[in-house]
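Heads up: the structure comes next, in structure tokens.
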Amino acid sequence: MTRGLQARQRGPATRTDRIFRIAATGSNRRQQILRGLNGPALLGLYLLVVLLPLVLAALTGPAGRNFWRELGSGLALVGLAMLWFEFVLSGRFRTFSGKVGIDITMRVHQLAALALLGFLVLHPLAYAVPRLADDPGRVLPFLARLFTAEAYRSGVLAWLLLLVLVPMAFWRDRLPCRYEAWRASHGLLAALAAGFGLHHTLSVGSRSDHPALAGLWLALAGVALLTLLFVYVVKPLLQHRRPYLVTANRQVAPRTWELRLRPEHDAAMDFLAGQFAWLNVGHSPFSLTEHPFSISSAPADLPEVGFSIKQSGDFTGRIGEVPVGTRAWLDGPHGHFVVPADPHERLVFIAGGVGFAPVMSILRQLRATGSKLPLTLLYGNRIEAQVLYRGELEAMAAEMPLDLRLVLSEPPPGWRGLAGQLSGDLLAGCLDPERRSGWLYFVCGPPPMMRSVEHTLVGFGVPSRRIIAEHFKYD
Ligand SMILES: Cc1cc2nc3c(=O)[nH]c(=O)nc-3n(C[C@H](O)[C@H](O)[C@H](O)COP(=O)(O)OP(=O)(O)OC[C@H]3O[C@@H](n4cnc5c(N)ncnc54)[C@H](O)[C@@H]3O)c2cc1C
């Protein structure tokens with residue numbers, strides 16, 4: 001019996017006991033946590049929503065219009081539906097991201113933004129094509145009229161807002177403002193663009209005067225509004241009832257801190273080892289100041305939850321100053337950096353720097369549950385002092401079938417681990433060429449390291465479905 005189970009069989013039944021009992025029927029618990037639509041179902045729903053306006057327009061609109069007019073209105077119908085769906089995709093709903101992962105959902109959100117921008121930019125231009133064919137000289141006056149006429153004003157405003165909004169999102173890191181300011185402006189500009197787009201289509205759209213299509217637009221707008229209401233009002237209200245307290249904040253490496261939280265309520269967030277949560281500490285649940293961090297403690301440590309946080313920007317730069325007793329809130333769990341339900345093969349963890357945080361959660365949970373799975377850990381840092389939880393790792397290596405390889409790019413004299421970067425040559429020397437293509441890999445670390453490791457693994461013949469990666473940045 002594991003230490004976690006023993007500890008939980010002593011006192012009266014608590015929420016944690018319940019969690020642990022669910023953990024005993026692992027697949028049940030996984031299903032609860034990773035709930036949501038699967039990839040094909042999501043794709044089907046997405047296509048249904050964004051193509052429905054087109055189908056309704058074809059069924060209800062007048063026939064026999066010229067091709068370019070049809071194309072112009074078709075682009076607008078699909079583009080606008082995609083714009084409304086963007087609100088739902090970015091709402092961190094587990095129905096959408098629970099199974100496919102929030103990183104994939106955000107990637108779809110970004111790609112859809114590019115596509116809808118293209119559709120909506122081309123929408124007015126398509127109307128100009130017949131004039132271009134008849135008399136190229138008429139195109140500019142035609143477009144000038146389109147962009148200045150009173151009737152098209154809301155459409156032009158939506159158009160211009162999108163032309164600002166989408167590039168701002170893609171070059172966000174280069175903007176001279178805080179992430180939170182960008183996030184607030186992103187939501188506001190998107191809502192304005194969608195609102196103006198709705199006004200435009202309902203007032204001058206040649207197809208949307210049919211009640212079926214007008215009703216669909218209002219329904220989509222309603223869903224998007226409910227999404228905003230849920231994200232900015234309902235969810236914070238729910239979080240408000242589930243506060244956590246910072247119980248410890250200690251430095252665990254240069255510029256890296258471990259924050260531990262304990263719930264002030266009896267419904268601690270359940271999670272799978274390796275997942276992450278948005279952490280809001282020292283503000284109110286209504287604040288936009290929240291940041292995603294992998295949970296580095298194990299589910300077996302619940303109700304306490306721990307994070308290992310490296311200083312990098314304005315919020316993390318002051319993480320060491322957060323006093324014990326500060327109130328915090330969590331939005332989670334999210335993420336797919338988790339061990340599959342019933343693994344049989346060796347698990348190989350390749351982590352760099354603070355990217356080790358979710359790996360530590362998995363290792364801690366495997367230790368707590370007495371796992372006998374063969375494990376390899378390749379953990380890279382620049383200098384020795386940056387190695388997180390070294391004592392605990394060495395104890396694990398003595399207790400579990402864990403092949404522990406610490407790698408330093410600037411090793412001190414007499415260093416007994418590996419020296420260099422987590423690159424192709426080093427991986428080739430550590431992973432048995434006869435077997436490595438059949439193992440399961442978990443990769444997390446700085447983006448260049450992740451790119452190089454993933455590239456190397458694919459070169460070793462590891463199928464990409466056997467490489468599970470956690471990116472600490474969505475773009
Ligand atoms: C899934 C995931 C897990 C992570 N786990 C860890 C971890 O265990 N330990 C750790 O030290 N770091 C982790 N990070 C990185 C951490 O979130 C950022 O370092 C932190 O948010 C930076 O905030 P800042 O204000 O200090 O820096 P800033 O300079 O304000 O932000 C730097 C960048 O961090 C990202 N970021 C900031 N705020 C948010 C937000 N609210 N939502 C999404 N992205 C944001 C943006 O890309 C931004 O450009 C993780 C990131 C992700 C996406």
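Nothing in this text is a laboratory measurement; each read-out follows from the coordinates by a stated rule. Nothing here was measured: the structure is a model prediction, and the numbers come from that model. So basically every Cβ, Gly included, is an ideal-geometry build from the backbone, and we count neighbours across all protein chains shown.
At a 10 Å Cβ-Cβ cut-off, how would you order Ser296, Ser452, fewest neighbours first? Before the final figure, lay out the partial values.
Working: Ser296 30, Ser452 19.
By the 10 Å Cβ count, ascending: Ser452, Ser296.
Among all stretches of the chain without exposed GluC sites (Glu not before Pro) (DSSP loop, at most 16 other Cβ atoms within 10 Å), which one is longest? Provide the component values of the computation, followed by the final result.
Working: sites that count: Glu264, Glu304, Glu345, Glu434.
The answer is 1-263.
Give, in whole angstrom and from largest to smallest, the semi-axes √(5λ) of the equivalent ellipsoid of the stretch 100-158, with λ running over the eigenvalues of the Cα gyration tensor. Walk me through the numbers on the way to the answer.
Values: eigenvalues 219, 41, 6 Å².
After diagonalising the Cα gyration tensor, the semi-axes are 33, 14, 6 Å.
When the Kirkwood hydrodynamic radius is evaluated over all pairs of different C-alpha atoms of the chain, what value in angstrom, to one decimal, is obtained?
Numbers: mean 1/r = 0.0399 Å⁻¹.
Final number for the Kirkwood radius of the chain is 25.1 Å.
By count of other Cβ within 10 Å, fewest leading, how are Met396, Met168 ordered? Don't jump to the answer; show the numbers that get you there.
Working: Met396 19, Met168 16.
Listed from fewest to most nearby Cβ atoms, that is Met168, Met396.
Let me understand the stretch 242-334 better: what is its radius of gyration from the alpha carbons, and its Dmax, in angstrom?
When restricted to Cα atoms, the stretch 242-334 yields Rg and Dmax of 12.0, 34 Å.
Show me, for the stretch 422-428, the HN-Hα J-couplings you get by feeding each phi into the Karplus relation (A = 6.51, B = -1.76, C = 1.60, θ = phi - 60°), rounded to Hz, glycine and proline as x.
Once θ is set to phi - 60°, the couplings for the stretch 422-428 become 7, 10, x, 5, 5, 5, 4 Hz.
For helix 67-89, report the angle its Cα long axis makes with the longest principal axis of the Cα atoms of the chain; keep it between 0 and 90° and round to the nearest 10°.
With rounding to tens, the tilt is 30 degrees.
Which trypsin sites (Lys or Arg not before Pro) in the stretch 76-106 pass both tests, a DSSP loop state and at most 14 other beta-carbon atoms within 10 Å? The partial results should precede the final answer.
Working: sites: Arg92, Arg94, Lys99; in loops: Arg92, Lys99.
The qualifying sites: there are none.
In whole angstrom, and with the biggest value first, how far do the Cα coordinates of the stretch 110-198 range along each principal axis?
Projected onto its principal axes, the Cα set of the stretch 110-198 covers 49, 24, 22 Å.
Can you spot the lysines whose alpha carbon is less than 16 Å from Lys310's alpha carbon? Ignore those fewer than 8 places along the same chain.
Within reach: Lys473.
What is the set of long-range amide H partners of Met400 at a cut-off below 5 Å, with H atoms built 1.01 Å from backbone N?
Close amide H contacts, sequence-distant or interchain: none at all.
Where the centroid of each part is defined by its Cα atoms, how far is the stretch 207-227 from the stretch 395-448 in Å?
For the stretch 207-227 versus the stretch 395-448, the Cα centre distance is 54 Å.
Specify which residue in the list Leu122, Ala151, His334 is farthest towards the positive end of the charge dipole of the chain, using unit charges on the beta carbon of Lys, Arg (+1) and Asp, Glu (-1), about the Cα centre.
His334
Kirkwood Rh over Cα pairs of the stretch 29-134 into Stokes-Einstein at 4 °C, 1.567 mPa s: D in µm²/s? Write out the running numbers ahead of the final one.
Details: Rh = 15.4 Å.
Here the translational diffusion coefficient equals 84 µm²/s.
Suppose every Lys and Arg Cβ carries +1 and every Asp and Glu Cβ carries -1, with no other charges. What dipole size does the chain come out with about its Cα centre, to the nearest 20 debye?
Working: 48 positive and 34 negative charges, 134 e Å.
Charge dipole of the chain: 640 debye, to the nearest 20.
Note the per residue figure in Å³ for the convex hull of the C-alpha positions in the stretch 207-361.
Numbers: hull volume 28.5 nm³, N = 155.
Convex hull volume per residue, Cα atoms: 184 Å³.
How large is the Rg to Rh ratio of the stretch 39-237 when both quantities use alpha carbon positions and Rh follows Kirkwood?
On the way: Rg = 17.7 Å, Rh = 17.9 Å.
Taking Rh as the inverse mean 1/r over Cα pairs, Rg/Rh reads 0.99.
Please give the calculated 222 nm ellipticity per residue for the chain, where each DSSP H segment of at least 4 residues contributes -39500 (n - 2.57) and the sum is spread over every residue; nearest 500 deg cm²/dmol? Show your work: numbers first, answer last.
Details: 16 runs with 227 residues, N = 475.
Only helices count here, giving -15500 deg cm²/dmol.
Under a plain spin-label model, where a point goes 7 Å from the Cα along Cα-to-Cβ, how far apart in nm are Ala397 and Leu218?
Computed distance between label sites Ala397 and Leu218 equals 6.7 nm.
Residue-wise, which Karplus ³J(HN,Hα) couplings in Hz belong to the stretch 250-260, taking 6.51 cos²θ - 1.76 cosθ + 1.60, θ = phi - 60°, and x for glycine or proline?
Working through the residues one at a time gives 10, 7, 10, 6, x, 6, 10, 10, 10, 10, 10 Hz.
Give the angle, between 0 and 90 degrees and rounded to the nearest 10, that separates the Cα long axis of helix 179-204 from the longest principal axis of the Cα atoms of the chain.
Helix 179-204 sits at roughly 30 degrees to that axis.
So how compact is the stretch 168-209: Cα radius of gyration and Dmax in angstrom?
14.6, 43
Can you list residues whose amide H is under 5 Å from Trp415's amide H, if they're 5+ apart or on another chain and H is modeled 1.01 Å from N?
Result for Trp415 returns nothing.
If you take the alpha carbon radius of gyration of the stretch 278-434 and divide it by 2.2 N^0.38 Å, what ratio comes out, to two decimals?
Normalised Rg, Cα atoms only: 1.15.
Using θ = phi - 60° and the Karplus curve 6.51 cos²θ - 1.76 cosθ + 1.60, what whole-Hz ³J(HN,Hα) does each residue of the stretch 289-297 get, with Gly and Pro shown as x?
Computed from phi, the couplings for the stretch 289-297 are 7, 9, 9, x, 9, 5, 7, 9, 7 Hz.
With axes computed from alpha carbons, what is the tilt in degrees of helix 39-60 against the longest principal axis of the chain, rounded to the nearest 10 within 0 to 90?
Computed tilt is about 10 degrees.
Give me the Å³ per residue figure for the convex hull around the C-alpha atoms of the stretch 347-470. Show your work: numbers first, answer last.
Details: hull volume 12.6 nm³, N = 124.
Per residue, the Cα convex hull of the stretch 347-470 comes to 102 Å³.
Just how far, in whole angstrom, is the stretch 68-112 from the stretch 123-190 if you go by their alpha carbon centroids?
Using only Cα atoms to place each centre, the spacing works out to 18 Å.
Please state the relative contact order of the stretch 242-334 as a whole percent: Cα pairs under 8 Å, 6+ residues apart? Mind dumping the intermediate values first?
Values: 200 pairs, mean separation 37.2, N = 93.
Taking the mean separation of contacting Cα pairs over the length of the stretch 242-334, I get 40 percent.
Quick one: order Lys310, Lys235 by neighbouring beta-carbon count within 10 Å, fewest to most. Present the calculation step by step, with values, prior to reporting the outcome.
Numbers: Lys310 21, Lys235 17.
The fewest-first ordering by Cβ neighbours comes to Lys235, Lys310.
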